[in-house]
């Protein structure tokens with residue numbers, strides 16, 4: 001495969017967009033955690049599934065941290081690919097770009113897992129509501 005600036009340019013809009021999605025998700029999660037914290041500490045209100053929610057949120061934070069970390073590495077490797085191409089180091093550019101793609105794949109896999117856990121959390125949250133959906 002020939003690698004040039006065009007190939008690496010394809011990643012430039014995708015990576016920041018993904019990182020923005022990840023950051024928004026992290027921000028929403030942090031708001032939820034702060035709300036639960038305030039309920040627990042200040043209002044002394046403990047939801048019935050508090051322990052399960054805490055474990056779930058803790059796992060989601062960890063997954064999002066790894067998701068954002070690998071996306072950041074993907075962006076870094078993409079920039080290093082451009083730099084290697086600038087230096088006319090084609091073999092090194094290919095290796096670094098491969099690392100970029102691998103980092104992004106890992107990041108997306110972590111994100112898919114986080115979405116799966118998030119969906120299960122919503123089901124758990126809705127489990128105490130008695131609603132007939134017909």
Fill in the blank from the handout: If we take the range 1-93, then helices (runs of 4 or more DSSP H) inside it with 2 or more residues that are out of contact with any strand residue (DSSP E or B) (no Cβ under 8 Å at 6 or more places or on another chain) and closer than 17 Å to residue 117 by Cβ are 11-41, 50-86
Practice task
Mind listing whichever residues of the range 103-134 are over 15 Å from the mean Cα position of the chain (by Cα) and modelled with pLDDT of 90 or more?
Solution key: none
Handout entry: Boolean, residue 86 is under 30 Å from residue 101 (Cα atoms), in contact with a helix residue (DSSP H, G or I) (Cβ under 7 Å, 6 or more places away or on another chain), modelled with pLDDT of 75 or more and exposed (fewer than 14 other Cβ atoms within 10 Å of the Cβ)
Key = no
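The values are calculated or read from the model by the stated rules, or taken from the named source; none is laboratory data. The structure displayed is predicted, hence computed values, not measured ones. When we count neighbours, we look across all protein chains shown, and the Cβ atoms used for this are built from the backbone with ideal geometry, even at glycine.
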